[in-house]
1. Ser137 passes all but one of (1) without any contact (Cβ under 8 Å) to a residue 24 or more places away in the chain; (2) out of contact with any strand residue (DSSP E or B) (no Cβ under 6 Å at 6 or more places or on another chain); which number fails?
2. Exactly one condition in (1) modelled with pLDDT of 95 or more; (2) open to solvent by less than 50 Å² (accessible area, probe 1.4 Å); (3) within 14 Å of the ligand (Cβ to nearest atom) is not met by Lys147; state its number.
3. Give me a count of the residues in segment 21-45 that are in contact with a strand residue (DSSP E or B) (Cβ under 9 Å, 6 or more places away or on another chain) and closer than 20 Å to Met193 by Cβ.
4. Answer yes or no: is there a residue in segment 76-91 that is assigned to a helix (DSSP H, G or I) and either at pLDDT below 95 or out of contact with any helix residue (DSSP H, G or I) (no Cβ under 8 Å at 6 or more places or on another chain) (or both).
5. Only residues that are away from the ligand (no atom under 16 Å from the Cβ), within 23 Å of His82 (Cα to Cα) and of a type in the set (A, V, I, L, M, F, W, C): list them for segment 120-144, please.
6. Considering only segment 52-89, state which residues are open to solvent by 50 Å² or more (accessible area, probe 1.4 Å) and more than 16 Å from the chain's Cα centre (by Cα).
7. Any idea which residue in segment 13-30 is least open to solvent (accessible area, probe 1.4 Å), counting only those that are away from the ligand (no atom under 14 Å from the Cβ) and not aliphatic (A, V, I, L, M)?
Amino acid sequence: MIKENLAKIKAEIGEDVCLVAVSKTKPAQDILEAYTAGQRHFGENYVQELLLKQAELPKDICWHMIGHLQSNKVKQIAPFVHLIHGIDSFKLLKEVNKEAAKHNRVIDCLLQVHVAQEETKFGFDMQEIQALLQDGSLRELKNICIKGLMTMGSNTENMEQVKQEFLSVKTLFDECAKFQIPNLKCEIISMGMSGDYQLAMECGSNMVRVGSLIFGNRNYTN
Ligand SMILES: *Cc1c(COP(=O)(O)O)cnc(C)c1O
């Protein structure tokens with residue numbers, strides 16, 4: 001079923017949107033099935049789980065760290081991570097820069113924007129993103145590149161509300177793209193999951209993170 005699910009979603013989203021297959025809690029065998037069908041971008045939420053899977057699965061997989069990332073765990077994923085979606089503080093960005101330098105890498109990052117109503121969501125608010133980009137110290141982080149923004153819409157049935165949230169992130173993205181900073185290349189808007197990726201694409205998303213629609217429901221939710 002994984003192969004069929006992927007084919008259906010791929011056909012729907014087209015060539016210009018990157019599909020990140022969210023494989024958290026799913027066994028390596030499921031990932032291999034998707035890999036065999038041609039999928040290369042996978043997203044994980046937990047560092048420990050990501051490390052185990054990275055060690056045993058094909059080395060040309062692009063691993064996306066999509067969950068909340070603690071500073072003290074950055075060093076473990078720094079050698080291989082493809083894109084870190086959940087940057088939510090300048091402190092974390094500095095840590096990624098430090099660990100990337102140790103491996104002579106430039107690690108691509110997305111700034112997580114907090115738009116949802118829920119209190120528990122991580123991320124910068126709109127003003128904080130603008131302030132970060134205006135602050136000259138970003139330029140000194142030569143081992144990171146900010147590739148764009150990531151967000152999670154509110155977990156609600158109210159699609160009109162989610163749409164407004166997505167549209168506000170698109171507006172912020174367009175603002176960010178105006179900044180001239182060497183390590184800022186505003187190219188990616190990562191928004192949309194199984195329940196709202198079509199809406200997210202209508203609002204300008206070009207990277208969707210889809211889990212349950214590909215791999216089936218998870219036994220526990222995150
Ligand atoms: C789990 C998760 C997803 C995928 O969720 P589905 O509803 O299963 O598609 C996407 N993004 C993040 C940040 C997640 O934690």
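1. Evaluating Ser137 over (1) without any contact (Cβ under 8 Å) to a residue 24 or more places away in the chain; (2) out of contact with any strand residue (DSSP E or B) (no Cβ under 6 Å at 6 or more places or on another chain) leaves (1) as the failure.
2. (3)
3. Matching residues across segment 21-45 total 13.
4. Checked segment 76-91: no residue is assigned to a helix (DSSP H, G or I) and either at pLDDT below 95 or out of contact with any helix residue (DSSP H, G or I) (no Cβ under 8 Å at 6 or more places or on another chain) (or both).
5. Ile129, Leu132, Leu133, Leu138, Leu141, Ile144
6. Listed by number, the residues that qualify are Leu52, Ala55, Glu56, Lys59, Asp60, Asn72, Lys73, Lys75, Gln76, Pro79.
7. By that ranking, first place goes to Gly14.
One line per residue, one yes/no per condition, for (1) open to solvent by 60 Å² or more (accessible area, probe 1.4 Å); (2) within 27 Å of Leu138 (Cβ to Cβ); (3) near the ligand (Cβ under 9 Å from one of its atoms):
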| residue | (1), (2), (3) |
| --- | --- |
| Gln161 | no, no, no |
| Lys178 | yes, yes, no |
| Cys186 | no, yes, no |
| Ser205 | no, yes, no |
| Ile214 | no, no, yes |
| Asn217 | yes, no, yes |
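The values are calculated or read from the model by the stated rules, or taken from the named source; none is laboratory data. Predicted model only: the values in this text are computed from it and were never measured. All Cβ positions, even for glycine, are placed from backbone atoms using ideal geometry, and neighbour counts span all protein chains on display. Heavy atoms of the whole protein, side chains included, go into the accessibility calculation; ligands, DNA and RNA do not. Shrake-Rupley method; radii C 1.70, N 1.55, O 1.52, S 1.80 Å.
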